1. Output wanted: per-residue J couplings in Hz (rounded whole) for segment 213-223, from phi through Karplus 6.51 cos²θ - 1.76 cosθ + 1.60, θ = phi - 60°, x for Gly and Pro.
2. For a protection proxy built on the mean count of beta-carbon atoms within 10 angstrom, sort 176-188, 118-130, 211-223 highest first, please.
3. How high is the FRET efficiency between ARG221 and LEU93 when r is their beta carbon distance and R₀ equals 35 Å, given to the nearest 0.05?
4. Hey, got the Cα dimensions of segment 11-134 along the principal axes, in Å, largest first?
5. Figure the gain on full extension for SER100 and ALA117 (residue separation times 0.36 nm, minus the Cα-Cα span) and round it to one decimal in nm.
6. Could you calculate the FRET efficiency of PHE110 with VAL13 from 1/(1 + (r/R0)^6), where r is the beta carbon distance between them and R0 is 35 Å, rounded to 0.05?
7. Rank-order 99-109, 192-202 by packing density, defined as the average count of other C-beta atoms within 10 Å over each peptide's residues, highest first.
8. Under the 0.36 nm per residue contour assumption, what length would be gained going from the current alpha-carbon distance of ALA27 and ALA131 to full extension?
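Please treat every number below as a calculation from the coordinates, not as lab data. Just so it is clear, the model here is predicted, and its values are computed rather than measured. A quick note on method: Cβ atoms are made from the backbone with ideal geometry, for glycine too, and the neighbour counts reach across all protein chains shown.
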Amino acid sequence: MSSQRLNPDSRPVLWTIAMGTTIVFLASFALSSVALYDVAGWAHVPQGLAWAVPVMLDVALVVYSLSALVRRARGQSAWFSWCLLAAFTLVSLLGNAAHSLGVSEAAQPFVGTVVAAMAPVAALAALENLAGLVVARPDARTIPAASVDGDVQHTDNMVMLRELTATEANELDILGTLASPHPQSKRTRDNLAVILDMHRRGERHQSIARAVGMSRTLVDRAVRDMQAVGLVRAA
């Protein structure tokens, strides 16, 4: 009798993890907000704005955690997001620990000032982090961003661009070596990139040929050449 094992990638497992993570965050935020709310008073933050201190610190932890994961998934350096995460975690920890330990009244203004002084830092860090995620660097290598259905996205007559990951940039360089040098040839680097993407998505070679304006034979040859350099696995 074969043993039954839980599939770690199944939807119920992932949903359970997501729900558990949400519950953990809400519980920790509720506990932390009580302490940080009081710490805000140590810095003479008006009572009507004291709620902003725990929001500023603890929501930032979620933002920078997700930002680091996004950067890593894109193949980008995530050190900036990790540094911001560490800094805001440290300040939140300082405020919570000081509140729990019951520091002396003489030390309370110092702790409160450190926590409240994070406001301008939080604003600058959030803007810089967002810009690093959605704005491409001037020297960044980009390609047109495709929507879910594969069409190129446009906004107000402008083509939306997506920054290449390190792996994609390397693949594009390899495709450049496979492209034909003849100016009239349709075997360009961009067409080869389309062939590679559509082939990986399981599109039929006849459909790929129509998309790039090449014959089925040329598409077949291009795929074989990609197999030879390791871009495509042999069937």
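1. Here the 3J(HN,Hα) series is x, 10, 6, 4, 5, 5, 5, 4, 5, 5, 5 Hz.
2. For the peptides 176-188, 118-130, 211-223, the packing ranking is 211-223, 118-130, 176-188.
3. 0.05
4. Sorted from largest, the Cα extents of segment 11-134 read 49, 33, 24 Å.
5. Working: separation 17, 0.36 × 17 = 6.12 nm, distance 2.05 nm.
Computed gain between SER100 and ALA117 is 4.1 nm.
6. E between PHE110 and VAL13, to the nearest 0.05, is 0.15.
7. 192-202, 99-109
8. So the extension gain works out to 34.4 nm.
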